1. Evaluate the relative contact order of the chain (contact order divided by residue number), counting alpha-carbon pairs under 8 angstrom at least 6 apart; express in whole percent.
2. ³J(HN,Hα) across segment 199-215 via Karplus (A = 6.51, B = -1.76, C = 1.60, θ = phi - 60°), whole Hz, x for Gly/Pro?
3. What is the projected area of the convex hull of the Cα atoms of segment 126-264, averaged over all directions, in nm²?
4. Quick one: helix 337-352 against the long Cα principal axis of the chain, what's the angle to the nearest 10°, folded into 0 to 90?
5. Subtracting the Cα-Cα distance from 0.36 nm times the residue separation, let me have the gained length for residue 300 to residue 207 in nm, one decimal.
6. Of 241, 295, how do they rank once you tally other Cβ atoms within 10 Å and put the fewest first?
7. How far is helix 18-29 tilted off the main Cα axis of the chain, in degrees rounded to 10, range 0 to 90?
8. Which of 63, 150, 156, 89 comes first, and how do the rest follow, when ranked by fewest Cβ neighbours within 10 Å?
Amino acid sequence: MSAHHDEPFDVVVVGASQAGLAVAYYLREHGLRFVLLDAEPGIGRVWQSRWDSLTLFTPAQYSGLPGKGFPAARDVYPSKDDVVAYLRSYAAAFDLPVRLNARVTSLTGGEDGYRVATDDEVFRASQVVVAAGPFQAPFVPGIARSLDDSVTQMHSAQYRRPAQLPQGPVLVVGGGNSGFQIAEELVETRKVDLAIGTRMPALPQRLMGRDLFWWLSHLGVMSVSVESRLGRRMAERDVLIGSSRRRLRRAGVTIRKRLESLAGRRAFFADGSRLDVETVVWATGYRSDYAWIEIPGVTDGNGRVLHRRGVTAASGLFFVGLPWQHTRGSALLGFVRADAAFIAGTITVSTREGAGLAPTNIQTTPSISNGSTLAARMP
């Protein structure tokens, strides 16, 4: 039986990683009563679960949350463990009320506001911020079921290090940053083929002595809105950071066309070529899972969030940390603060007026879900 809290909160924040912590910082500044609910037993567990050699794409000076810079020298690229330590120290520094092991099972609404249920408790609030992040349900295409049971299969969410995999060749499937990075790491110890479905533009990590994000920030690219023509074009395609097909070929990776089908222990590609496979790593991204949100009109038929800069048509229900929620930086550790400040400010105005926003007539658009987080890389 779930325990109920007698007094409702002003805000319940679902998720206590970078987006949730950033919006919590501003909610605290505005003097609101709130709580953060996180399904994991520790802050930063999503970062902790990624592969061992992962580091941020953004150097330390572009990796801090509001009110507390990242504790590393300029142009140092923090490791995933550095990020975990930073997020935990951030929550402690501002005494943010995080409830761990609090997996949200349902979000429902009524005349008296929202009810956010976990396995053990029910929290009530007039407003809710969903900051669950873009990495929720690892996606593996259905053709994976056509592989023989003797073939080792693993999603990039499970990959930690090369020693996890059996000796022998590996087929990596997925042409995004994760696929490129994992292929580059694996090729140091074995034969690697990388199957790429869509060719993406590549940008160097550093240019003329400066980090890429210095250029993107100073040229205004990081502030381009998804509502603009340029922003919409940028959001349609992911970008490779610090890697390229040429670099992988030089390292010894064999680049393959799109994977079309699988049968037994054999893979078939779009150019008619085939390959006998022993191990497959699926770097095929994630899908959002908002089935627990029982509020009509929040997602479309494909499960994508309908919103305008994180504001949904449901009165008092907001999102933070979606890819391209407003700009390229919306899902990035060092750039999520702008959206967090906007949502917290909107909530504060609504709270002080004594009622929810009631934005039922706003123009909402589906969230971008191409996995373009540009957040991390391998050294």
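Quick note: the coordinates plus some simple rules give every number you see, no bench work behind them. Small disclaimer: the values here were computed from a predicted structure and weren't measured. Cβ atoms come from the backbone with ideal geometry, glycine included; neighbour counts cover every protein chain shown.
1. Across the chain, relative contact order equals 22 percent.
2. 6, 10, x, 10, 10, x, 5, 10, 9, 6, x, 10, 5, 3, 6, 5, 5
3. 12.5
4. Rounded to the nearest ten degrees, it is 20.
5. So the chain would gain 29.4 nm between residue 300 and residue 207.
6. Details: 241 21, 295 17.
Listing 241, 295 from fewest to most nearby Cβ atoms yields 295, 241.
7. 20
8. Values: 63 25, 150 8, 156 22, 89 13.
The fewest-first ordering by Cβ neighbours comes to 150, 89, 156, 63.
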